[in-house]
Structure formats: C-alpha cells, structure tokens
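Have a look at the structure below before the remarks.
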Amino acid sequence: MASDSPATRPTIRDIAREAGVSVATVSRVTHDDPRVVADTKRRVQDAIDRLGYRPSALGRALSYQRTNTLGIVLPGLGGPYFAQLIEGAESVAVERGVVINVVGTHLRPDAVGAVRQLAERTDGLIIAGGTLPSDEVAALARSGRVIVVAGEADEAATVVTDGRAAAAELTGHLADVHGFRRMRFVGEPSGSPDTAWRYQGFREALDQRGLAEAGEPVRLGLDVRSGAVAARMLHDASDLPDALVCANDELAIGMLATLPGLGHRIPADVAVTGFDDQALAGIASPRLTTVHQPIAELGARAAAGALGDDIRSHTVLETRLVIRESCGCSPEGTPD
C-alpha cells in the first residue's frame with residue numbers, strides 16, 4: 001500500500017479563499033480575462049504567488065476535461081537509456097489509452113517555457129532528474145501530477161535506483177576480487193544526478209579501502225563517442241590506470257571499441273566497466289561487466305504515478321551487479 005504521498009497542493013478554491021473572491025474570478029484571472037478589474041487581478045495574482053499555485057500547468061484538469069496525454073521531459077532524445085525509459089512509459093500509456101508527448105530540452109533555449117507549454121497539454125508529467133531547475137519542478141508539482149525519474153525533488157514523487165550503492169559494489173568487486181588499486185572514473189559527476197550518485201559510490205568504495213583515485217574524473221558526455229575520446233585522451237597522456245569505471249555502458253562501449261586499436265588489451269592491461277546493462281553490454285568483445293538497472297520499469301512506474309496511481313514519495317528499484325569478462329573474470333563470473 002502506498003504511503004508518504006507528496007505534499008498537498010493548493011487548489012483553485014484555496015486561491016479564491018485567500019484572495020476573497022469566487023472560483024470563477026480566479027479562473028478568469030488565470031485565463032487573462034480583460035473583464036477582471038486591476039485591483040482584483042492583483043489580489044488574485046498575489047494569492048497565487050504566495051501559495052505557489054500554477055493554474056496554467058497540470059492543474060488545468062480541475063476545470064477542463066482530461067487530455068489523455070502523458071508528458072515526458074528528457075535532457076535529450078538519443079541513446080538506448082532514454083529509449084528504454086520511454087518504452088516503459090509507453091507500455092503503461094498503451095494500457096490506459098493515453099498518448100505520450102516527449103520534449104528534449106538540450107536544444108531548446110527556453111527549456112522551462114517549453115515544459116510549461118507541455119504541461120498545459122498533459123494530464124501528468126515525467127521529468128528526468130537534473131533536466132529543470134528544482135524550483136520549477138516544485139512549482140509544477142504543486143499544481144499537478146509530476147514524477148521525477150532518476151533524480152531528487154522536494155515536492156514531487158521520485159522513482160530511482162540506488163546508483164551509489166551499486167557503483168560502490170562494482171568498485172568493491174574490482175578492488176577485492178581483482179586487486180586493482182589504481183582506478184579512475186569516466187563521466188562528468190555534475191552532469192546528472194545519476195552520474196553524481198555513481199561517482200559518489202565509486203569514491204566511497206575507494207575510501208573504505210584506503211585507496212585514492214588514479215586521477216580526476218574524465219569529464220566528458222555519456223555517449224559512445226565520448227568514450228572513444230576518453231580512451232584516446234588517456235592513451236595520449238600515457239595514463240591508463242588498472243581499471244576504468246565508466247558512468248554508463250555507452251562510455252564503456254566507446255572504450256572497448258577504441259583501446260585495443262591503440263595497443264591496450266582489455267582486461268589484461270586495463271579493466272573497463274559500465275552501468276545500465278544495455279543490450280550491447282552482453283555481446284561486446286570482451287563482454288562488459290556492468291550494473292543492471294530496470295530502466296523500462298523506471299519509466300513504467302513513473303508513468304503510472306504521473307497518470308494518477310498512488311506512489312511512494314521515493315520509490316527505489318533494485319539493481320544487480322553483472323559480472324562478465326571486461327573486468328578480468330571468466331565467462332562464469334570468476335577471476336581468471
């Protein structure tokens with residue numbers, strides 16, 4: 001049974017009571033009706049600002065019919081992670097006869113404005129962690145159904161995996177099973193909450209064993225090309241550690257595709273690990289040691305919550321360590 005639901009959101013009736021006007025008057029103000037006198041409009045707007053009400057966003061269903069549309073806000077639209085996330089949300093949308101509308105913010109100069117417009121056309125909203133400023137997420141959550149996936153939020157429910165613990169377990173495997181002492185993180189820790197949690201887990205595992213990082217994180221994007229670029233940077237600097245802990249599988253696949261051509265054997269010269277357990281991880285050469293997380297289920301749980309299901313304020317889905325050959329284990333998961 002669900003518990004810990006998000007904080008109660010102000011309604012149009014709360015605004016009317018606060019401003020000392022009718023609900024109809026509040027509605028006219030929020031729709032910029034010119035018949036409302038300036039003093040009344042000012043009192044209503046002051047009440048809206050004090051209570052944090054966003055009538056033009058998801059809460060429009062209070063006075064209008066449902067749109068039967070689910071909005072998804074992502075930083076970008078490329079890559080297998082976002083494809084799986086959308087697929088999971090789509091599985092719920094199909095069951096409920098709802099259409100999905102996706103906005104990628106990375107190319108939009110006014111991402112906040114674009115998301116506000118999206119919110120006006122949807123019954124619920126899924127927002128990827130780190131995509132919007134926290135105050136904007138809070139404002140949207142106060143006026144409608146908002147679920148943050150793979151991120152943190154004070155006023156919206158969240159659906160996440162424990163990337164910190166998972167990355168710590170992976171790093172512990174490299175240190176305890178293989179004896180690696182020089183390890184380096186690949187990925188920009190400040191790029192997203194997910195990457196920050198993974199880097200934190202990596203650091204904690206090293207600290208627990210009295211180990212230091214073999215260098216600052218290699219701060220690049222999360223795509224395959226960035227993995228290839230990182231491999232060349234480390235090669236050119238003659239600075240390969242014992243193991244590279246990549247923030248996701250795409251970076252790791254870029255490493256696997258590039259390092260051998262530069263003369264570095266995996267895992268004999270350097271171990272490489274990823275995170276996510278994408279399809280390519282199981283067929284790469286060598287096969288990639290990584291962390292499996294249920295990405296499609298993240299999308300499905302978030303979609304169900306955004307469309308009205310009861311959901312915990314902080315839902316954590318389980319991960320599992322997937323041992324393959326790129327860390328130095330045999331196909332059976334034991335050290336060679």
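The values are calculated or read from the model by the stated rules, or taken from the named source; none is laboratory data. Since the structure is predicted, the reported quantities are computational estimates derived from the model, not experimental observations. When we count neighbours, we look across all protein chains shown, and the Cβ atoms used for this are built from the backbone with ideal geometry, even at glycine. Keep in mind that these areas ignore ligands, DNA and RNA; they rest on the heavy atoms of the full protein, side chains included. Shrake-Rupley method; radii C 1.70, N 1.55, O 1.52, S 1.80 Å.
Here are the numbers:
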{"read-out": "Contacts under 8 angstrom Cβ, first residue in the range 66-93 being over 12 Å from GLY104 (Cβ atoms) and among the charged types (D, E, K, R), partner in a loop (DSSP other than H, G, I, E, B) and open to solvent by less than 40 Å² (accessible area, probe 1.4 Å), 6 or more apart", "value": "ARG66/ASP123"}
{"read-out": "Criterion violated by HIS292 - all others in (1) at pLDDT 95 or above; (2) open to solvent by 40 Å² or more (accessible area, probe 1.4 Å); (3) farther than 22 Å from ALA150 by Cα satisfied", "value": "(3)"}
{"read-out": "Leading residue by the ranking (nearest to ARG164 (Cα to Cα)) among those in the range 242-254 that are open to solvent by less than 40 Å² (accessible area, probe 1.4 Å) and part of a loop (DSSP other than H, G, I, E, B)", "value": "ALA247"}
{"read-out": "Flag if VAL146 is open to solvent by 10 Å² or more (accessible area, probe 1.4 Å), among the hydrophobic types (A, V, I, L, M, F, W, C) and farther than 12 Å from ASP194 by Cα", "value": "no"}
{"read-out": "Residue among ALA257, ALA268, ALA281 that alone is more than 15 Å from ARG198 (Cα to Cα), over 17 Å from the mean Cα position of the chain (by Cα) and assigned to a loop (DSSP other than H, G, I, E, B)", "value": "ALA268"}
{"read-out": "Residue, farthest from GLY78 (Cα to Cα), within the range 179-229, restricted to residues that are touching a helix residue (DSSP H, G or I) at 6+ places or on another chain (Cβ under 6 Å) and β-branched (Val, Ile, Thr)", "value": "VAL218"}
{"read-out": "Considering residues of the range 65-83 that are in a helix (DSSP H, G or I) and hydrophobic (A, V, I, L, M, F, W, C) only, the residue surrounded by the fewest Cβ atoms within 10 Å (Cβ to Cβ)", "value": "ALA83"}
{"read-out": "Qualifying residue in the range 160-173 (condition: outside any helix (DSSP H, G or I) and crowded, with 20+ Cβ neighbours inside 10 Å)", "value": "yes"}
{"read-out": "Hits in the range 305-330 - residues which are surrounded by fewer than 22 Cβ atoms within 10 Å (Cβ to Cβ) and part of a helix (DSSP H, G or I)", "value": "GLU325"}
{"read-out": "Any hit, the range 84-97, residues being more than 22 Å from HIS314 (Cα to Cα), open to solvent by 20 Å² or more (accessible area, probe 1.4 Å), in contact with a Ser or Thr (Cβ under 7 Å, 6 or more places away or on another chain) and basic (Lys, Arg)", "value": "no"}
{"read-out": "Qualifying residue in the range 256-272 (condition: in contact (Cβ under 8 Å) with a residue 60 or more places away in the chain, over 29 Å from GLY88 (Cα atoms), among the β-branched types (Val, Ile, Thr) and open to solvent by 20 Å² or more (accessible area, probe 1.4 Å))", "value": "yes"}
{"read-out": "Of all residues making up the range 116-143, the number that are small (Gly, Ala, Ser), out of contact with any helix residue (DSSP H, G or I) (no Cβ under 7 Å at 6 or more places or on another chain) and surrounded by fewer than 22 Cβ atoms within 10 Å (Cβ to Cβ)", "value": "3"}
{"read-out": "Filtered residues of the range 103-124 (kept if of a type outside the set (Val, Ile, Thr) and either touching a Lys or Arg at 6+ places or on another chain (Cβ under 7 Å) or in a helix (DSSP H, G or I) (or both))", "value": "ALA111, GLY113, ALA114, ARG116, GLN117, LEU118, ALA119, GLU120, ASP123, GLY124"}
{"read-out": "Residue count for the range 165-204, restricted to those that are farther than 30 Å from ILE127 by Cα and aliphatic (A, V, I, L, M)", "value": "4"}
{"read-out": "Given (1) in a helix (DSSP H, G or I); (2) in contact (Cβ under 8 Å) with a residue 40 or more places away in the chain; (3) open to solvent by 10 Å² or more (accessible area, probe 1.4 Å), index of the condition MET233 fails", "value": "(2)"}
